[in-house]
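Heads up, the thing below is written out as structure tokens.
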Amino acid sequence: MKNSIFSKLSPKEPKFFPMLEELASVLSEVSHLITECVRTYNYDRSVDYFKQIKDLERKGDRVSNTIFEELNTTFITPFDREDIHDLANVLDDVIDFINSCAKRIVMYHPKKMPEPATTLGELLISAADYIGSSVKELDTLQKNSDKIKDNCSKLHEIEHTADDVYEHFIMGLFENPTDPLEIIKLKEIMHSLEQATDAAERVAKIIKTIIVKYS
Amino acid sequence: MKNSIFSKLSPKEPKFFPMLEELASVLSEVSHLITECVRTYNYDRSVDYFKQIKDLERKGDRVSNTIFEELNTTFITPFDREDIHDLANVLDDVIDFINSCAKRIVMYHPKKMPEPATTLGELLISAADYIGSSVKELDTLQKNSDKIKDNCSKLHEIEHTADDVYEHFIMGLFENPTDPLEIIKLKEIMHSLEQATDAAERVAKIIKTIIVKYS
Amino acid sequence: MKNSIFSKLSPKEPKFFPMLEELASVLSEVSHLITECVRTYNYDRSVDYFKQIKDLERKGDRVSNTIFEELNTTFITPFDREDIHDLANVLDDVIDFINSCAKRIVMYHPKKMPEPATTLGELLISAADYIGSSVKELDTLQKNSDKIKDNCSKLHEIEHTADDVYEHFIMGLFENPTDPLEIIKLKEIMHSLEQATDAAERVAKIIKTIIVKYS
């Protein structure tokens with residue numbers, strides 16, 4: 001048990017795991033909301049979706065701030081500290097990009113929402129699932145490191161797929177240019193979604209770092 | 001006195017406080033300059049404002065580089081080191097965003113400057129005041145932690161207000177679209193100002209971290 | 001020899017140097033490719049250049065991931081670890097911005113490529129040379145610290161020149177506005193190149209940090 005994240009963290013600091021799980025669950029909620037928002041796009045409803053997402057984003061902010069404060073006042077070794085800090089931070093980033101997407105929809109009021117937005121949303125839901133499952137098994141790392149590694153590969157694949165979806169969408173957007181303002185709006189809205197999947201992959205990288213060290 | 005930033009830093013390293021105060025004072029100067037620049041907008045004058053802001057930005061850069069070098073050659077404990085590093089870094093970020101706003105004004109040459117730019121500028125002046133006052137009291141943290149906490153809440157409120165100002169401005173910009181290029185210009189100029197208030201809130205978070213650890 | 005990066009790293013961990021050199025060599029390759037790509041701009045060929053750059057970017061990604069994994073499983077002191085981590089990370093950033101430039105060219109399909117793109121590309125080639133030469137001499141730091149310091153000043157100058165080139169280009173772009181979409185495309189393509197030179201200067205700052213500590 002020496003050198004395992006379980007022995008290093010759980011007995012002393014079991015409270016970090018529930019907080020990280022809470023962050024992952026906020027991420028799951030906002031992923032579903034943004035996907036509904038873009039799938040059934042209607043401006044007035046998007047204002048409501050943004051409110052819900054913003055509230056969840058602030059909830060996530062409070063959870064990660066609590067994690068940071070606990071890390072600063074709790075004695076645990078520096079590298080554990082750093083990994084938990086990074087994990088909370090990047091989970092926060094994914095949520096932020098989703099919030100930023102919802103905010104841009106409300107600020108820009110695009111005429112239509114393109115179908116690939118739903119594709120990116122669904123990729124995010126699936127990324128949030130893999131993240132949630134990995135975070136849940138962090139405290140029993142030794143038993144489940146293979147499953148977590150699988151999840152991380154899946155997050156890597158999701159990022160590549162999202163990248164392709166985004167690239168093809170932007171190419172199409174500029175191939176048949178219409179209203180320049182609509183093009184700018186959609187480009188930036190889609191970019192937030194793509195950045196969210198990028199950040200989801202960074203979550204995978206941090207989790208892999210933890211596995212390398214402790215499993 | 002054990003565990004206080006005063007006992008940990010001041011006796012050994014009193015030189016960090018004056019340098020952090022110098023950075024905060026550069027921030028205050030550029031906040032005033034950018035606000036004047038957007039309030040009295042006239043292209044030729046904005047070129048002069050940019051020059052002054054750029055000079056100050058480089059001065060700030062030199063100060064933070066000195067801080068980083070001193071941190072690397074001075075024996076102090078890792079967490080103090082990290083906090084001072086982060087604080088100098090984010091102060092630098094606020095100054096950079098203000099510099100970037102001035103640069104965009106000069107590069108884009110917008111026809112007019114919208115009133116909310118002045119509102120954001122004034123919010124930045126006020127953020128710089130709270131930051132300056134907090135940094136000044138860092139070396140007597142035990143006596144003043146309540147005041148510093150108040151300042152941090154104020155920086156949080158300023159960020160929220162700036163966010164609303166920015167959001168409403170962008171919404172209005174796209175509601176009555178005119179020249180797409182003017183829209184892009186103003187969107188990006190205003191975005192730099194909004195990002196500066198975001199970074200100012202990150203300063204508050206780092207200061208709160210220091211308070212949690214040492215007061 | 002006490003306190004030197006040679007005595008601290010080389011004997012125990014000679015493998016970090018070849019990996020950092022490999023990253024620097026990937027950077028050199030992508031700098032040449034992007035410069036060719038913009039100098040001889042032709043859309044169909046740019047698709048091929050992007051493929052080559054993307055492959056190299058992924059190779060660089062694998063190298064830096066190996067560096068991060070080795071850092072996590074190798075016993076070396078925290079500050080060495082951090083510096084190597086930062087160095088690999090920022091080398092990765094420069095490569096990413098170059099990749100992002102190639103990707104934007106392919107996604108946006110601009111009508112023409114402006115001459116200053118070649119100027120920025122050549123500045124990047126020259127930055128990659130100074131970086132490569134500095135990284136090669138890191139393991140014999142004591143003998144060559146003056147040369148490395150010179151290289152770092154050169155990287156600083158390159159960043160300033162690139163900044164001016166970019167600023168003047170954007171000013172010209174908005175002075176005689178034509179098609180707003182072409183303006184947006186070129187602005188973002190040129191911005192990636194300018195960000196790459198910014199990141200190259202951050203490499204210089206990290207190398208200077210290492211010199212301050214160990215030479």
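The table below gives the values:
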{"quantity": "Computed E for residue A:147/residue B:75 - FRET, C-beta separation, R0 35 angstrom, nearest 0.05", "calculated": "0.20"}
{"quantity": "The protein assembly as shown - mean residue ellipticity at 222 nm from DSSP helices (-39,500 (n - 2.57) per run, n ≥ 4, rounded to 500)", "calculated": "-30500 deg cm²/dmol"}
{"quantity": "Label-point separation, residue A:40 to residue A:82 (7 Å along Cα→Cβ), nm", "calculated": "4.6"}
{"quantity": "Neighbourhood net charge (13 Å Cβ-Cβ; Lys/Arg +1, Asp/Glu -1) for residue A:49", "calculated": "0"}
{"quantity": "Under 12 Å from the Cα of residue A:213 - aspartates and glutamates, other chains or at least 8 residues apart", "calculated": "A:80, A:83, C:69, C:70"}
{"quantity": "Largest-first ordering by accessible area, 1.4 Å probe, given options A:96, C:55", "calculated": "C:55, A:96"}
{"quantity": "With all protein chains modelled, accessible area of residue A:97 [1.4 Å, Å²]", "calculated": "50"}
{"quantity": "Partner chain coverage, peptide A:179-186 - average Cβ within 10 angstrom", "calculated": "5"}
{"quantity": "Copies compared at residue C:136 - label distances in nm, ascending, label defined 7 Å from Cα in the Cβ direction", "calculated": "5.4, 5.4"}
{"quantity": "Protection-proxy order for peptides C:25-36, B:163-174, each taking the mean of Cβ atoms within 10 Å per residue, highest first", "calculated": "C:25-36, B:163-174"}
{"quantity": "Inter-label distance, nm, simple model (7 Å from Cα along the C-beta direction), residue C:191/residue B:161", "calculated": "2.9"}
{"quantity": "Solvent exposure ordering (accessible area, 1.4 Å, most first) of C:208, B:187, A:136", "calculated": "A:136, C:208, B:187"}
{"quantity": "Interface size B-C, as summed buried accessible area [1.4 Å probe, Å², nearest 100]", "calculated": "1600"}
{"quantity": "With every protein chain in place, chain A: carbon and sulfur % of accessible area (1.4 Å)", "calculated": "50"}
{"quantity": "Length-normalised contact order for the range A:5-214 - Cα pairs under 8 Å, 6+ apart - percent", "calculated": "32"}
{"quantity": "Residue closest to axis [chain B; rotation mapping onto C; Cβ; Å]", "calculated": "B:180, 3"}
{"quantity": "7 Å along Cα→Cβ, label-point gaps from residue A:61 to other copies, nm, shortest first", "calculated": "3.1, 3.1"}
{"quantity": "Probe 1.4 Å, accessible area per residue of the range A:47-196, Å²", "calculated": "41"}
{"quantity": "Cross-link pairs A:54/A:185; B:54/B:149; A:147/A:187; A:111/B:185 - those with Cα-Cα distance over 24 Å", "calculated": "B:54/B:149; A:147/A:187"}
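The values are calculated or read from the model by the stated rules, or taken from the named source; none is laboratory data. Keep in mind the model is a prediction, meaning the values are calculated, not measured. Cβ coordinates were reconstructed from backbone atoms using ideal geometry, including for glycine residues, and neighbour counts include every protein chain displayed. Areas reflect the complete protein model, heavy atoms only, side chains present, ligands, DNA and RNA absent. Shrake-Rupley method; radii C 1.70, N 1.55, O 1.52, S 1.80 Å.
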